[in-house]
Amino acid sequence: MEFNGDVLTLDTDMSMDEIREFEEFIRPRMDYIEVIEVEETSSLKCSAFISILASLKRTKPELQIHFLEKGMTISPVYGKIHWICHD
Amino acid sequence: MTKQEQVKAIFIEEAGEIIEKLDIDIIHFEENSCDFNLLNEIFRGVHTLKGNANAFGFTRLGEFVHHFEDVLDYYRSTKESIEEHNLELFVASVDVIKEIMTCELDAIDTLPESYLDCLEKIKILLAIKKNKNIPFVEELKNVSPLNDLASEFGFSCDEQVENGVEKSIQEYQAVQTEGFNLYKIDLMLDVDCYKRGFDHLLFLKNLGEMAKSIESFFNMQSIDTIDKFKSDESGISQVSIVILTPLSYDEVEEFFQFLFDNEYKITLIKPKESEKNVVSVLPVASLGHVASAATPILSNIPNIVTNKAVASVVSQKSTIRIDTFKLDELFDSIGELVIAQNFIAQNEKINLIEDESISRTIETLSKITKKIQDRVMSLRMVAIKDTFEKMQRVVRDTSKKTGKEVHLILQGEDTEIDKTMIDSLSDPLIHIMRNAIDHGLEADADERLQAGKNVAGTVTLKAFHKSGSIVISASDDGRGINKEKVLRKAIEKGVITGDENLSDSQIFALLMQPGFSTADTISDLSGRGVGLDVVKTSIEKLRGKIEIDSTEGKGTTFSIILPLTLAIIDGMLVRCGDEIYIIPTLSVVESFRPQQEIVHVLKEKGEFVSLRGQYIPVVRLSDVFNLNAKRIEPWEGILVCVETGAGRIAIMVDELVGRQQVVIKTLGKALVKLKEISGGAILGNGDIALILNVDELRPITEVTHV
């Protein structure tokens, strides 16, 4: 996880513990973050990663999370994954 | 042996068979890498091996074959042509599998040297291939995400997932081929699934390993805002998975066996040609499981599915695995039956009864006994094909190591041979084949061209029946054996003095003396002089013999001559004094009553018979066994000329009784020290006869051809 101004950069391979820490970290800082960038250097580790991004987007719809917005990822491990977040 | 140990023993045996088959199949596949049926066969073998290895805690083997299986699966799914260097990697992988299996069985902690290197190469190959194979990455970058489209057209999350799944099913149906099943799996994991150790991705990963294609749709509509969000609780309401896989319904269901019934739903999708696109049809065998699972059962299970299942069960019952120990016991019992039957047939008192019905019954009994004996014998007989096919690998490897182009011709692969012998035959044959290529064939193509031969050498491996024996011959069309060189070496090493008048076969037989090698250079393949004598010993243990025939400039043939079985021998019954002895017919060259003028007595060397210019030592059986028989002259008795490891000898007996197949019986510890006897047999009249070990009737050092 890397914080640079109002851009937060995350890695896709965050473990559950890291996601939990991130959850604690981000909750009070929602107002300061405009963009969340996700580096897809490796495969996802937990489905909770997509969940927390979806939660952040739901909380702050103007938050730019390109990874989430593209609605899908392709992994050599999991195949093609789509997520549907609106409603 | 406990149940667990028994199961493990079966696994080890099966694994051995799978690995042996892999070894053969991979060479065939290397020759024809477009044969995807064969690739499927290899994949299935590796897949079974993986499952079994992991089940029995052979984790290192399991780990390796798991990755190897992935690579094989990639190629069989994509039908992509396999690059030559990757074929090499496949062959090397089978070698590693063999080595790890040995490590696992012997509980050796150290991994084979090539293990990590090969595993790494496989992983890299897989990574390259899978990344390259990510479908439509570029195209998809330009495709509007489902979320945007759905928002635009006002679809709900559920509808959008449904649409995505339907589209995915249609795409997969379009590429579905025979042997692949299409499933839709809905995962509705409870909120506490993470705490129970389950993650949706875990199932995707496991399924993905067995899938040709897999696509999933995460429905995130129930995700809370961050103030209510809890990372360790799953807010994902449903994940729908579409998967194209060779797995059966039951195999797919196994992935979810630790979930609650309401947490998953598996639906088998019919291939495209069906009238309805999506119906649940389940193999009959899986119905028992379905009742407890949350999967709907439709009553319209097509008959064709039922029939297939039944056919499969029938074919599975066509073979049965039997412990060879039980077969041996059965064989022993048949041996006893044969003896009892012979006893009845030759019993004088019974023969005196003049009753046609009794005679007929005895005759019938004799025929049935013979038939049973033949059938039980056939149970132990297996085709030599597998052993021959193994040689393809040996030839391939030796050819690569020596840089010599070699064609292998296999003939008579269907010739059947006793299972016990098959097991012991591999090593000697491997040595002979390596020898044929390394030393038999010319050093380079130029030498062959100069000799008017094709650049590629030919090695022919042949099996056939000859005079009640099995002959396995390995011939090369190489430079042949230089007899002068063999004799020179033999004199140098003191094996012979140089005064002997040796026949060609005796000269060639010198090559099988311990420590004898004519190779100018020692390679890691052959030339150390420790091979052919071991080959000879191994063959002799099988009650066989090995002959070498060679023509300089034309090639060499090694012939292994084996009895049909180790349990029965074809013997010549001879009488000496009051005793009956059996000489294995395989060793007998001829028998005759000599004329007085061809028998000679040499001072301190004993008696000899001069036969076609050759002086053959006479061995009096009565002397060997200290029999109280009347001493007669050789020309008054019979000489049975036999071939031994040290040359021919003439065994002097009183009478030839006949020729008979006898069941070999071991003699027990007390008589084991008598080297001149290899076993005993019960004759038809109930008498016991000793089987002669002709090689021990005269010490090897006594070889003297005058």
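The values are calculated or read from the model by the stated rules, or taken from the named source; none is laboratory data. The structure presented is a predicted model; accordingly, all values stated were derived computationally and were not measured. With ideal geometry, Cβ positions are generated from the backbone for all residues, glycine too; neighbour counts draw on all protein chains shown.
Within the bounds of region B:254-266, is there any residue that is farther than 19 Å from residue A:43 by Cα and facing chain A (nearest Cβ under 9 Å)? Checked against the condition, which is being farther than 19 Å from residue A:43 by Cα and facing chain A (nearest Cβ under 9 Å), region B:254-266 yields no hits at all.
If you filter region B:209-229 down to residues that are within 20 Å of residue B:188 (Cβ to Cβ) and surrounded by fewer than 21 Cβ atoms within 10 Å (Cβ to Cβ), you find that the one that is farthest from the other protein chains (Cβ to nearest Cβ) is B:222. When A:43, A:51, A:55 are checked against the criterion of being within 9 Å of another protein chain (Cβ to nearest Cβ), within 23 Å of residue B:216 (Cβ to Cβ) and in a loop (DSSP other than H, G, I, E, B), A:43 stands alone in meeting it. Of B:336, B:416, all but one fail to be in contact with a strand residue (DSSP E or B) (Cβ under 6 Å, 6 or more places away or on another chain) and acidic (Asp, Glu); the exception is B:416. Would you confirm whether any residue within region B:127-149 is out of contact with any Ser or Thr (no Cβ under 6 Å at 6 or more places or on another chain), among the basic types (Lys, Arg), at pLDDT 85 or above and part of a helix (DSSP H, G or I)? Within region B:127-149, not a single residue is out of contact with any Ser or Thr (no Cβ under 6 Å at 6 or more places or on another chain), among the basic types (Lys, Arg), at pLDDT 85 or above and part of a helix (DSSP H, G or I). Residues that are surrounded by fewer than 19 Cβ atoms within 10 Å (Cβ to Cβ), within 27 Å of residue B:563 (Cα to Cα) and charged (D, E, K, R) within region B:463-506 comprise B:466, B:504, listed in sequence order. Summed over region B:55-65, residues that are surrounded by fewer than 17 Cβ atoms within 10 Å (Cβ to Cβ) and under 12 Å from residue B:97 (Cβ atoms) total 1. Among the residues of region A:69-87, those that are surrounded by fewer than 22 Cβ atoms within 10 Å (Cβ to Cβ) and either more than 7 Å from every other protein chain (Cβ to nearest Cβ) or out of contact with any strand residue (DSSP E or B) (no Cβ under 8 Å at 6 or more places or on another chain) (or both) comprise A:69, A:70, A:73, A:75, A:76, A:77, A:86, A:87. Picking from residues in region A:1-39 that are of a type in the set (D, E, K, R) and surrounded by 14 or more Cβ atoms within 10 Å (Cβ to Cβ), the one that is nearest to residue B:203 (Cα to Cα) is A:13. The set of residues from region B:589-623 being surrounded by fewer than 19 Cβ atoms within 10 Å (Cβ to Cβ) and hydrophobic (A, V, I, L, M, F, W, C) comprises B:589, B:592, B:598, B:599, B:601, B:602, B:611.
Residue-by-condition table, conditions (1) in a strand (DSSP E or B); (2) crowded, with 19+ Cβ neighbours inside 10 Å; (3) touching a residue at least 40 places away in the same chain (Cβ under 8 Å):
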position: B:533; (1), (2), (3): no, no, no
position: B:537; (1), (2), (3): no, no, no
position: B:543; (1), (2), (3): no, yes, yes
position: B:550; (1), (2), (3): yes, yes, yes
position: B:553; (1), (2), (3): no, no, yes
position: B:562; (1), (2), (3): yes, yes, yes
position: B:571; (1), (2), (3): yes, yes, yes
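Of all the numbered requirements in (1) crowded, with 18+ Cβ neighbours inside 10 Å; (2) within 10 Å of chain B (Cβ to nearest Cβ), residue A:65 misses one, and that requirement is (2). Which one is farthest from the other protein chains (Cβ to nearest Cβ) among residues in region A:2-23 that are closer than 18 Å to residue A:63 by Cβ and part of a helix (DSSP H, G or I)? Residue satisfying both the conditions and the ranking: A:22. Looking across region B:25-54 at every residue that is in contact (Cβ under 8 Å) with a residue 12 or more places away in the chain and outside any helix (DSSP H, G or I), the one that is surrounded by the fewest Cβ atoms within 10 Å (Cβ to Cβ) is identified as B:34. Among the residues of region B:171-203, those identified as closer than 20 Å to residue B:78 by Cα and either more than 13 Å from chain A (Cβ to nearest Cβ) or touching a residue at least 24 places away in the same chain (Cβ under 8 Å) (or both) are B:172, B:173, B:174, B:175, B:176, B:177, B:178, B:179, B:180, B:181, B:182, B:183. Considering the conditions (1) within 30 Å of residue B:513 (Cβ to Cβ); (2) at pLDDT 80 or above; (3) under 35 Å from the mean Cα position of the chain (by Cα), residue B:680 is excluded by exactly one of them, (1).
Conditions (1) in a loop (DSSP other than H, G, I, E, B); (2) of a type outside the set (Gly, Ala, Ser); (3) not assigned by TED's automatic domain parsing to the domain that holds residue B:550, marked per residue:
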residue	(1), (2), (3)
B:443	yes, no, no
B:458	no, yes, no
B:484	no, yes, no
B:487	no, yes, no
B:490	no, no, no
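Among (1) among the charged types (D, E, K, R); (2) at pLDDT 90 or above; (3) farther than 30 Å from residue B:71 by Cα, where does residue B:224 come up short? Only one criterion is unmet by residue B:224, namely (2). Scanning region B:383-437 for residues that are more than 17 Å from residue B:473 (Cβ to Cβ), under 15 Å from the mean Cα position of the chain (by Cα) and assigned to a loop (DSSP other than H, G, I, E, B) yields no hits at all.
Residues checked against (1) modelled with pLDDT of 80 or more; (2) in contact with a Cys (Cβ under 7 Å, 6 or more places away or on another chain); (3) hydrophobic (A, V, I, L, M, F, W, C):
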site: B:342; (1), (2), (3): no, no, no
site: B:350; (1), (2), (3): yes, no, yes
site: B:356; (1), (2), (3): yes, no, no
site: B:361; (1), (2), (3): yes, no, no
site: B:365; (1), (2), (3): yes, no, yes
site: B:368; (1), (2), (3): yes, no, yes
